[in-house]
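Data block below; observations after.
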Amino acid sequence: MEKLHRVVEDRKIAGVCGGLGDYFDLDPVFFRLFFLMSLLFGGLGAVVYLILWIMVPEKTGAQGEPRPSKRLHLSSSDRKIGGVCGGLGERFEIDPVLFRVAFILLALACGLGILLYIALWLLVPRAPAVPAVST
């Protein structure tokens, strides 16, 4: 049985979201967005985060399996502003234009598209650099 741990290598604050991402086999960015959005709507997520920070043990070293290779990253090749939509398109194998339209519609409807885009821009890591192959 797999246990929930805080991940030290993939932390922004305490590793709670990285640990939840490992446990549920999801990208930690989704949990980070959830906790961030919960702060805007009452702040209960901050209480849950603090409880998890205190209660969940840290996972140090290479104890577990390697992290999933298919993670959400900012795109370095298909970017208009920050690479968020290009990264979403690469991750979900969907045309990034659809994500761009969705962000614009959310921005026009209630302004949430701008906040969500900025949050993703700040929370999603850049794509790892591909090492140059010498021949």
Got a sec? Which of 46, 14 is among the small types (Gly, Ala, Ser), over 27 Å from residue 113 (Cβ atoms) and not assigned by TED's automatic domain parsing to the domain that holds residue 122? 14
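Results for (1) assigned to a loop (DSSP other than H, G, I, E, B); (2) among the aliphatic types (A, V, I, L, M), shown as yes or no for each residue.
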| position | (1), (2) |
| --- | --- |
| 4 | yes, yes |
| 19 | no, no |
| 23 | no, no |
| 35 | no, no |
| 48 | no, yes |
Step by step: first the residues of region 71-94, then only those that are among the charged types (D, E, K, R) and either within 18 Å of residue 114 (Cα to Cα) or out of contact with any helix residue (DSSP H, G or I) (no Cβ under 7 Å at 6 or more places or on another chain) (or both), then the one that is modelled with the lowest pLDDT. Which residue is that? 71
Given the residues 37, 55, 1, which is the only one that is exposed (fewer than 15 other Cβ atoms within 10 Å of the Cβ) and at pLDDT 85 or above? 55
Give 98, 122 a once-over and let me know the one that is closer than 29 Å to residue 14 by Cβ, of a type in the set (A, V, I, L, M), assigned to a helix (DSSP H, G or I) and modelled with pLDDT of 80 or more. 122
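The values are calculated or read from the model by the stated rules, or taken from the named source; none is laboratory data. These numbers were taken from a predicted model, which means no experiment stands behind them. Reconstructed Cβ throughout: ideal geometry from the backbone, glycine too, with neighbour counts over all protein chains shown.
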